[in-house]
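Below you'll find the structure, written out as C-alpha cells, and then a few comments.
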Amino acid sequence: MRDVRYFHLRGLEQKLIPCDISFNLKRNQPEILIRLEDIRQSGISFKPDITPSNSSSGSGSNDPSTAGHSPGPGNPQSPAPSISASLSRAGTVAYARPYTDDHANTNILILEVSSTESTTLHFPASAPKPTPETPLSLELRATFHSNTMARITSLFSVIASKMGLPATQPLGLMMLASGGGVATQPISPANSGVSDRRVRIRISPDCYIEMDKTPVELGVDRESGRLGIKRINAERRMKRVKVSEKGYEYDGDAEVGVSEWVWGGAKKTESQMQNEAGGEEEEVSDEWIVKRAHWRLRVEPVDGDGARMQVVLCGVRIEGYAAERSRNRERGFLGA
C-alpha cells in the first residue's frame, strides 16, 4: 500500500482498500461497507428517497427503513445527481469508490467507525414511550473524539457541499493531513452545516447491539410502556415439557429465564430511585462507550423544517461497553 501511494496509483489503491460490497435483499439495495478513514469526498453522493408519485412501479417509499432503494443487481443505476433540487428532501448517503467501476451502480454507504473508544452514546435520563410515527425507534445523541471527530466533521461538510447546503467549515477529507481550513473554526460537527455538536443517532430493532460482551436488543416494557434496551436471553422462549395423564404437553406460558433491562423499560431511573429514597430529584443520563460500529447515513429535515437538514446515523451494528469493569476485564498484563 505504501508503494501504491508513493507512485500515486489511485485506482489500484482503491482496489486494495478493505471494503465489502453486497446486495441487501431485505432493503433491495446494493451496499458498501468501508471504513471512515478510507472515505474520499469524490465518491460521496446523495440519493433522495423514492416517493410513490415519481416511482413508476409504485413500490417506492420514503420510510427511513426502506430508503435508498435500487432497481436491483441486474439493473444498474447511475449515481443520483447531487444538486440543489434535493434540498428539503430526505434521503440516504451513497458511495462509489473513485477510479473504479463502482459508478455503474452506486452503493448505499455503511460507514465503519472502528477507532478505539472514539464514540460516546448519550441516553436520555428518562426513557421515552413509543409514538405512532416511530413505534419502535430510539433517538439518541453521540459525541465523537480525537481524529474521529475531525473526520466525521469533514464527512458531514462534504455531504452538505454535495447537497448545496451552506457550511461554516467546508473541510475536505484530503485536508486533514495538512490541517487546511481549520484555522478559523473549531473542528466540530456543529460547524458542518448538517449537524449539531452532538450527532443524532437512531437505533431500530434491525440494529445488532453488543454491550459488555452481551447481546442486547431494543424493546418496550409492557407495564411501564417505555422504550428500553434489554439483554437477550437465548433460553427465554424455550418451552418446558410437563407430563400429564394425556401424555406429553408443552407449557407455552412458561419461560426459562427473564431478560434484564440495562436501560429504560422496566429499569428505574436515577431520579426515581432518589425519590423513593427521599432525596432530591436529579436528571442523570447514561453514557455508553462505543468501541466500533457500523452506521447507515440518512439526511432528513430538522423537526419537519425543510429549510434545515441534518445527518442521522442509523445503527447497523454497535459494540461497546456501559461499565468500566468490562473494559478493565479486557486489559491484558504486560509480558503475558
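The rows are residues; the columns are (1) of a type in the set (Asp, Glu); (2) crowded, with 16+ Cβ neighbours inside 10 Å; (3) modelled with pLDDT under 90; (4) under 16 Å from the mean Cα position of the chain (by Cα).
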residue: Thr153; (1), (2), (3), (4): no, yes, no, yes
residue: Ala167; (1), (2), (3), (4): no, yes, yes, no
residue: Pro170; (1), (2), (3), (4): no, yes, yes, no
residue: Thr184; (1), (2), (3), (4): no, no, yes, no
residue: Ser188; (1), (2), (3), (4): no, yes, yes, no
residue: Ile209; (1), (2), (3), (4): no, yes, no, yes
residue: Pro215; (1), (2), (3), (4): no, no, no, no
residue: Ser224; (1), (2), (3), (4): no, yes, yes, no
residue: Gly228; (1), (2), (3), (4): no, yes, no, no
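Taking Ala254, is it in a loop (DSSP other than H, G, I, E, B), of a type in the set (A, V, I, L, M) and modelled with pLDDT under 65? When the stated conditions are applied, Ala254 passes them. A count restricted to segment 187-233 and to residues that are touching a helix residue (DSSP H, G or I) at 6+ places or on another chain (Cβ under 9 Å), under 19 Å from Ser154 (Cβ atoms) and not hydrophobic (A, V, I, L, M, F, W, C) stands at 9. Do we have any residue at all in segment 119-128 that's over 16 Å from the mean Cα position of the chain (by Cα) and crowded, with 19+ Cβ neighbours inside 10 Å? Scanning segment 119-128, I find at least one residue that is over 16 Å from the mean Cα position of the chain (by Cα) and crowded, with 19+ Cβ neighbours inside 10 Å, so the answer is yes. Whether any residue in segment 312-325 is surrounded by 11 or more Cβ atoms within 10 Å (Cβ to Cβ) and modelled with pLDDT under 85 is what I want to check. No: zero hits. Selection of segment 12-37 for residues being loosely packed, with under 14 Cβ neighbours inside 10 Å and farther than 22 Å from Lys47 by Cβ yields Lys15, Leu16, Pro18.
Yes or no, residue by residue, for (1) modelled with pLDDT under 90; (2) not in a loop (DSSP other than H, G, I, E, B):
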site	(1), (2)
Asp3	no, yes
Phe23	no, yes
Gly58	yes, no
Ser65	yes, yes
Gly68	yes, no
Pro71	yes, no
Pro79	yes, no
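The values are calculated or read from the model by the stated rules, or taken from the named source; none is laboratory data. Keep in mind that what you see is a predicted model, and the values were worked out from it rather than measured. No Cβ is skipped: glycine too gets one built from the backbone with ideal geometry, and neighbour counts run over all protein chains shown.
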